[in-house]
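The values are calculated or read from the model by the stated rules, or taken from the named source; none is laboratory data. Here the structure is a predicted model, which is why all the values come from computation and not from measurement. Counting neighbours? That spans all protein chains shown, and the Cβs are built from the backbone with ideal geometry, glycine included.
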Amino acid sequence: MGKTVRDESTASAYWGAVNTFCALQDVHVIADAPVGCYNLVGVAVIDYTDAVPYLENFTPTSLTEKEIASSGSSEIVRETIEKLQAPGRQLILVSSAESEMIGSDHERMLTMKYPDVRFFPSNSLGEDEWQGRDRALRWLHETFGNNRPAAVKAGTVSIIGPTYGCFNSPSDLAELKRLIAGAGGELLHVYPFESSLHDIADLKNADVIVQMYHEFGHALAETLNRPVLHAPFGIGETEKFIRDLGDLLKREQEAETFMQKEKRTTLKPIWDLWRGPQAEWFPTIRFGATAAKTYALGLETFLSGEMGMQCLFSHDTAEADNTLIREEIQQKQPQFLFGRIVDKIYLAELDAKTRFIPAGFPGPIVRRALGTPFMGHSGAVYLLQEIVNALYDMLFNFLPLNRRTTASEEPAQKVSWSSEANALLNEMVKKAPFISQISYGRELKRKAEVLTLKQGKESVTPELLGMVN
């Protein structure tokens, strides 16, 4: 029996390759694809957001039914190359699912007629976007990186990973840069963002490589044969990152001085919240995360491992089954869910009272501001601030209001409760935020009693209680 996939978790390797190559300043990508593929990535609909800018260095060959059915795409590829060739512009031809289905392979034609144009088979039908990005970064190094031996520049750091279509990348990149500078590092390259194609030959000269994401970048990082650190989440990982970077760069004293300053400045809001009454709420908070591996792991590490909140589930969306995610949301009803638009849709379908916080694409979310990091010390402060503010908001929603109630809103007479209904009420109240449990329980009880009388019953049953939740 076949398996039904409810929602796709990630895009294909084609989109990953396009979002990687187009981030380079001196590259123009030709997609051997229908014109619709241009519209999708070119105006950012892939993420339902403007997080991907309009890509001026991206052109489709505009495959039609004619090429797909009979003639193949070689002729329109040649026409497109002739229009786009220009001094200082590197053309890269990328296959799409459509061109791969008709067996298009332009390597031989390019070698004979356009030796300066490179062909990248995206393997769109067999790999996801993270595999596509990882392979694209390694391919760039193999194709354009020179073979001269490394000449390491002491104290320098290069970041690998930021590409178009990555959630929250501007803000998290800004935090990474801040941590590197604080630990005494000199930033050499941010690749492929903020880089040209030929900067790839200089990456191996960095003293240390920072891999921004767990999902991709490791193939290139391993090839460079330099010490590699991963971007940190939370307090402990970030402190280790700063000290490890200081050791590798031989800037131990600068790193130590920066770490002590961080505790007095950047991290001060966390200490204030920890010493305040809000800290009593943290163990009562139940959350779930469905995001790319970097963010799913990072949120669990910080919120559960360090802040003591209860992590009900943490899923890498590249591997997760969305049908099972929906079922888990329904069964566990987290107070907070960090996720994508598909997870927000699940919450709406289930009429869940969960507070949704965007943590991944696809999603109608703009993340261009530099003040919304998830990574590093600044990210720890931002995440905790968002959660505490949401808890205050929940509390406000349960405050008693001085308003006139109608007869239909209050029970007209006393109603009894079955022992099973009382037990279910207690279980339901336990799932509410600690600060609002009394008000939440009172409201549930009132609604259940009104509904019981409306239906002509004398006692609240579990079935009736379930209808008002």
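Odds and ends about this structure:
- Residue that is surrounded by the fewest Cβ atoms within 10 Å (Cβ to Cβ) [pool: residues in the stretch 201-223 that are within 26 Å of the chain's Cα centre (by Cα) and either part of a helix (DSSP H, G or I) or of a type in the set (S, T, N, Q) (or both)]: Glu222
- The helices (runs of 4 or more DSSP H) falling completely within the stretch 226-311 that include 2 or more residues that are within 29 Å of Ala206 (Cα to Cα) and assigned by TED's automatic domain parsing to the domain that holds Leu176 map to 234-249, 252-264.
- When the stretch 323-336 is filtered for residues that are within 23 Å of Asp128 (Cα to Cα) and either within 16 Å of the chain's Cα centre (by Cα) or of a type in the set (Val, Ile, Thr) (or both), the ones remaining, listed by number, are Thr323, Ile325.
- Count of the stretch 144-186 residues which are modelled with pLDDT under 95, on the phi < 0 side of the Ramachandran plot and not small (Gly, Ala, Ser): 11
- Scanning the stretch 301-318 for residues that are of a type outside the set (S, T, N, Q) and farther than 17 Å from Gln333 by Cα yields Phe302, Leu303, Gly305, Glu306, Met307, Gly308, Asp316, Ala318.
- Residue list for the stretch 271-296, filter: modelled with pLDDT of 95 or more, surrounded by fewer than 20 Cβ atoms within 10 Å (Cβ to Cβ) and out of contact with any strand residue (DSSP E or B) (no Cβ under 7 Å at 6 or more places or on another chain): none
- A search for C-beta distances below 8 Å between a residue of the stretch 430-457 that is within 17 Å of Lys353 (Cα to Cα) and outside any loop (DSSP other than H, G, I, E, B) and any residue that is of a type in the set (Val, Ile, Thr) and at pLDDT below 80, counting only pairs 6+ apart in sequence or on different chains, returns Gln437/Val429; Tyr440/Val429; Gly441/Val429; Leu444/Val429; Leu444/Val468; Lys447/Val468.
- Within the stretch 331-361, considering residues that are in a loop (DSSP other than H, G, I, E, B) and in contact with a Pro (Cβ under 7 Å, 6 or more places away or on another chain), the one surrounded by the most Cβ atoms within 10 Å (Cβ to Cβ): Arg340
- The combined condition, being outside the structural domain of Gln310 (by TED's automatic domain parsing), of a type in the set (Gly, Ala, Ser), modelled with pLDDT under 70 and within 30 Å of Phe336 (Cβ to Cβ), is not fulfilled by Ala421.
- Taken over the stretch 458-469, the residue count meeting the criterion of being among the charged types (D, E, K, R) and either in a helix (DSSP H, G or I) or surrounded by 14 or more Cβ atoms within 10 Å (Cβ to Cβ) (or both) is 1.
- Tally, over the stretch 74-110, of residues that are within 14 Å of Asn57 (Cβ to Cβ), at pLDDT 90 or above and aliphatic (A, V, I, L, M): 5
- Residues that are under 30 Å from Ala369 (Cβ atoms) and touching a Phe, Trp or Tyr at 6+ places or on another chain (Cβ under 7 Å) number at least 3 in the following helices (runs of 4 or more DSSP H) confined to the stretch 78-186: 129-144, 169-182.
- Flag for Glu280 being among the charged types (D, E, K, R) and closer than 20 Å to Thr301 by Cα: yes
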